Amino acid sequence: MRAYCRPFLLFWFVLLTSCFVLAQQNSTDIDGKIETLLKQMTLEEKAGQLTQFAGKTPESLKAIREGKVGSLLGVLGAENANEAQRAAVENSRLKIPLILGFDVIHGYRTVFPVPIASTGSFDLPLLEQAERVSAKEATASGVKWVFAPMVDIARDPRWGRIVEGTGEDPYLGARVAAAKVRGFQGKSMADRDSVVASAKHYVAYGAAEGGRDYNTVDISEQLLREVYLPPFKGAVDAGVGTVMSAFQDLNGVPGVANHHTLTDILRNEWNFKGFVVSDWGAVHELIAHGFALNDADATAKALLAGVDMDMVDNAYQHIPELVRSGRLQESVVDEAVRRVLRIKFQAGLFDHPYADASREKTDILTPENLQVARKLAQESIVLLQNKSDLLPLETTKTVAVIGPLADDKASQLGPWAGDGQAKDAVTPLEGIVRKLGNDHVLYAKGVDIPPYEGGQAAGVAAPAPPSATGARGIANAGKAASIDDAVAAAKKADVVVLFLGELAGMSGEASSRSSLDFPGDQLKLANAVIEAGKPTVLVVESGRPLDIRWATYHAQAILQAWFPGVQAGNAIADLLFGDASPSGRLAISWPRSTGSIPVYYNHRNTGRPTAPDRWKTGYLDLPSTALFPFGFGLTYSNFSYGRLSVKTPQISQDGTLEVSAEVENTGKREATEVVQLYVHDRVGLTSRPVRELKGFERLTLRPGEHRSVDFTVKASDLGSYDPQMRWVVNPGTYDVWVAPDSASGVQGEFEVK
Ligand code: BGC
């Protein structure tokens, strides 16, 4: 080693050693403080630390003062938060601070695109930045704990909560989960603008039979481990502070009482050190599951399985009697209390329990925060079709803006919009008017989307009344919806932009649908408008993929906007008129029809792989492939893929795969491509998925520019579970693709020795 390097190395050695010693000291300090507190706690106070109530009410404040509550849910605003906190810190015997939680699924007040959309940005730094914004806004409002990220894999878009998750891919899900945890928790959970995150809903909630929310899940251990667990592992490896158990039963055992997932896997295999909270009322629901006799029985079962804190049903008040009767050992309770207190210490709540109310004025809905929302919305919207390069539109044209979602503020925000407020949202109509001015825009709502009134959906919110927007001067604004007005507008315009889809309340929790159709008379409107014969752009706003086969024939361009959030209208207008170029991709395979669910790219081959031949896996009346594959999305340019080079044609089981390919922008505009790496293990100990995503990179190229994109993957990440559930890296030949989506790309192969 050269002599001049030595002092430099010594410096790093001393620095790292001191950091390590400090971290050790810190955790020893915390452990000491926890033990001191534990010794002073009565059984009732221990049960209190493990109990969460909903809302700040006279009853909850009284219970806090009595030491019977460790956390509140849904208390917003610094003043409210501080009032509740004072009851704990100043008026309870042991002065243990509360941890205040809330659902910040896609933004607090600055609402970002729904997660199924933003995952498709494949932009991890931007997703991290968005959650930093969420953490900053939430803490300014007194929230120190968020019930996010929601990382449930889903393959069935009938399930309403597909909108909240990261789509169908375990690798992408794990990367996004980690980025979001880093964003929420920042450098330290103790920082004033950081929150404690909670990965949910552990686990396999998205595999609900029939896509019906809360429904039974029965899947193999292999599917659980290879598909549903990885996003949670990603969150745990990123240091997530808490995990929320799921409502549903998994192979017969409810998520809240599942020792296998909560203790064997989460704690023993993964070494998770934070605490687990149940989902809303789920401990009590063990009775309805037929898994517990009463709340006391349910409490014992949940606690013994590994659920530390009980959300809202107050079942854990039975802890003292369970311990006194000998049903529950006090050491089990103590361990749960330690975990909760440790997170409270790590979150800095003992040092600074109160929110700084002045930050509510400076940190929420700032222009910088809105800018992040606009960028993420631009990157989340997916261009599915662009015949004859209709998009981007010229700003000199007259545009007919038609459809029930064009000026619906509430729906822009999506179904679980934190403290988001409809009045903050920019509608597509407003965004387009801001670009073109009133004179170039004709607006007609066309039809209303009727909320579901029967069956389970009786609670779906009625559509918001027409907003008083920048479109005020426009003919038809505020008028009752009429298809005739829409057709008249289309006839007068050079181009039609049609905004169809679902109301925000038609996806999300308890909002499963039996069909992927456009609700109400929207297709009647679409047909009538298309008859007018003008070039038409369909913009779909929805929480799930809808059946858009008709549009692939009748609309020149299709943009899947999902619910883009508070900056929806600006981001959509940026893309429509070319101020930004689409780069969003599908985080799920797009089904052709409701009947083709489930369709996911990482399926197994079967003994009769899909082919146009009758005696192969498939349907008589429909191709069994996706309408648009996972990872798909167009840009305003074209990219070619070539020169795939497998630099490591042979690797050992502990080696590293290195692959590169050349990607060139062959079009006329600068654009961003999401370059994806897939592999396929040809022969395994179980039959392997036809492709598995193992890497991706966002790449912006100018026209004519080309770049070599390099990927490295550890061989250990190419493994799978054998029938005995051991992780193995199979020797043999693997296919590899560098690709623009999961159904194409340039292909090569390599060997694992
Ligand atoms: C949902 C959770 C949520 C909790 C608290 C439940 O109904 O399933 O996702 O975090 O409520 O609001």
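The values are calculated or read from the model by the stated rules, or taken from the named source; none is laboratory data. Model, not experiment: these values are computed from the prediction. FYI the Cβ positions are ideal-geometry reconstructions off the backbone, even for glycines, and counts take in every protein chain you see.
For region 493-507, a residue qualifies if it is surrounded by fewer than 24 Cβ atoms within 10 Å (Cβ to Cβ) and over 14 Å from G160 (Cβ atoms), and the qualifying residues are A493, D494, V495. One residue alone among Q676, Q724 is of a type in the set (S, T, N, Q) and more than 21 Å from L224 (Cβ to Cβ), and that residue is Q676. Select from region 61-90 the residues that are more than 16 Å from the ligand (Cβ to nearest atom) and polar (S, T, N, Q) and write down the one among them that is farthest from L38 (Cα to Cα). It comes out as N80.
Count of region 42-65 residues, restricted to those that are under 21 Å from A296 (Cα atoms), surrounded by 14 or more Cβ atoms within 10 Å (Cβ to Cβ) and not small (G, A, S), is 8. The set of residues in region 37-64 that are in a loop (DSSP other than H, G, I, E, B) and over 34 Å from the mean Cα position of the chain (by Cα) comprises M41, T42. Screening S596 on (1) within 24 Å of the chain's Cα centre (by Cα); (2) touching a residue at least 40 places away in the same chain (Cβ under 8 Å); (3) more than 15 Å from A117 (Cα to Cα) shows it passes everything except condition (2). Among the candidates P404, P451, P415, P428, which residue alone is of a type outside the set (A, V, I, L, M, F, W, C) and surrounded by fewer than 20 Cβ atoms within 10 Å (Cβ to Cβ)? That would be P451, the only listed residue that is of a type outside the set (A, V, I, L, M, F, W, C) and surrounded by fewer than 20 Cβ atoms within 10 Å (Cβ to Cβ).
Taken as a whole, region 460-479 holds no residue that is modelled with pLDDT of 95 or more and out of contact with any Ser or Thr (no Cβ under 9 Å at 6 or more places or on another chain). Within region 202-216, the only residue that satisfies the criterion of being within 15 Å of the ligand (Cβ to nearest atom), of a type outside the set (D, E, K, R) and farther than 29 Å from R339 by Cβ is N215. Among the residues of region 153-172 satisfying the criterion of being in contact with a Phe, Trp or Tyr (Cβ under 8 Å, 6 or more places away or on another chain) and of a type outside the set (D, E, K, R), which is surrounded by the most Cβ atoms within 10 Å (Cβ to Cβ)? Looking at residues that are in contact with a Phe, Trp or Tyr (Cβ under 8 Å, 6 or more places away or on another chain) and of a type outside the set (D, E, K, R), I get V163. In region 91-123, the qualifying residues are those that are of a type in the set (V, I, T) and more than 16 Å from the ligand (Cβ to nearest atom), and the one that is farthest from A417 (Cα to Cα) is I96. In this structure, is S589 surrounded by fewer than 24 Cβ atoms within 10 Å (Cβ to Cβ) and closer than 23 Å to G120 by Cβ? No.
Of the residues making up region 65-87, those that are part of a helix (DSSP H, G or I) and over 33 Å from the mean Cα position of the chain (by Cα) are R65, R86, A87.
The residue list A199, A190, A177 contains one member that is within 16 Å of the ligand (Cβ to nearest atom), not basic (K, R) and not in a helix (DSSP H, G or I), which is A199.
Taking every residue in region 197-212 that is under 18 Å from G508 (Cβ atoms) and at pLDDT below 95 and pairing it with any residue that is more than 14 Å from the ligand (Cβ to nearest atom) and of a type in the set (A, V, I, L, M), at least 6 positions away or on another chain, yields no pair with a Cβ-Cβ distance below 7 Å. The listed residues are D407, D448, D419, and the only one of them that is among the charged types (D, E, K, R), under 28 Å from V163 (Cβ atoms), within 16 Å of the ligand (Cβ to nearest atom) and part of a loop (DSSP other than H, G, I, E, B) turns out to be D419. Scanning region 241-263 for residues that are within 17 Å of D310 (Cβ to Cβ) and surrounded by fewer than 24 Cβ atoms within 10 Å (Cβ to Cβ) turns up F247, H259, T263. Consider region 183-238. How many of its residues are in contact with a Pro (Cβ under 7 Å, 6 or more places away or on another chain), surrounded by 24 or more Cβ atoms within 10 Å (Cβ to Cβ) and of a type outside the set (G, A, S)? Qualifying residue count, region 183-238: 1.
Of all the criteria given as (1) assigned to a loop (DSSP other than H, G, I, E, B); (2) under 30 Å from A246 (Cα atoms); (3) small (G, A, S); (4) at pLDDT 95 or above, the one not satisfied by G505 is (1). Listed by first and then second residue, the pairs linking a residue in region 65-81 that is touching a residue at least 24 places away in the same chain (Cβ under 8 Å) and under 17 Å from F350 (Cβ atoms) to a residue that is away from the ligand (no atom under 16 Å from the Cβ) and acidic (D, E), with Cβ atoms under 7 Å apart and 6 or more places separating them unless they lie on different chains, are G67/E44; G67/E45. Taken over region 93-120, the criterion of being more than 21 Å from A410 (Cβ to Cβ), in contact with a strand residue (DSSP E or B) (Cβ under 8 Å, 6 or more places away or on another chain) and in a loop (DSSP other than H, G, I, E, B) is satisfied by L98, G120. Name the residues in region 125-172 that are of a type in the set (K, R), in a helix (DSSP H, G or I) and either more than 16 Å from the ligand (Cβ to nearest atom) or without any contact (Cβ under 8 Å) to a residue 40 or more places away in the chain (or both), would you? R132, K136 - these are the residues of region 125-172 that are of a type in the set (K, R), in a helix (DSSP H, G or I) and either more than 16 Å from the ligand (Cβ to nearest atom) or without any contact (Cβ under 8 Å) to a residue 40 or more places away in the chain (or both). Which one of these is surrounded by fewer than 24 Cβ atoms within 10 Å (Cβ to Cβ) and among the β-branched types (V, I, T): I530, I572? Going through I530, I572 in turn, just one is surrounded by fewer than 24 Cβ atoms within 10 Å (Cβ to Cβ) and among the β-branched types (V, I, T): I530. Inspection of region 432-439 finds a residue satisfying the criterion of being more than 19 Å from A568 (Cβ to Cβ) and either buried (at least 24 other Cβ atoms within 10 Å of the Cβ) or not charged (D, E, K, R) (or both).
Of all residues in region 390-441, those being closer than 23 Å to A557 by Cα and in contact with a Lys or Arg (Cβ under 6 Å, 6 or more places away or on another chain) number 2.
To keep it simple, each residue is scored yes or no on (1) under 25 Å from the mean Cα position of the chain (by Cα); (2) modelled with pLDDT of 95 or more; (3) buried (at least 22 other Cβ atoms within 10 Å of the Cβ); (4) part of a helix (DSSP H, G or I).
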| residue | (1), (2), (3), (4) |
| --- | --- |
| V337 | no, yes, yes, yes |
| R342 | no, yes, no, yes |
| L349 | no, yes, yes, no |
| Y354 | no, yes, no, no |
| K361 | no, yes, no, yes |
| L370 | yes, yes, no, yes |
| A377 | yes, yes, yes, yes |
| L384 | yes, yes, yes, no |
| L391 | no, yes, yes, no |
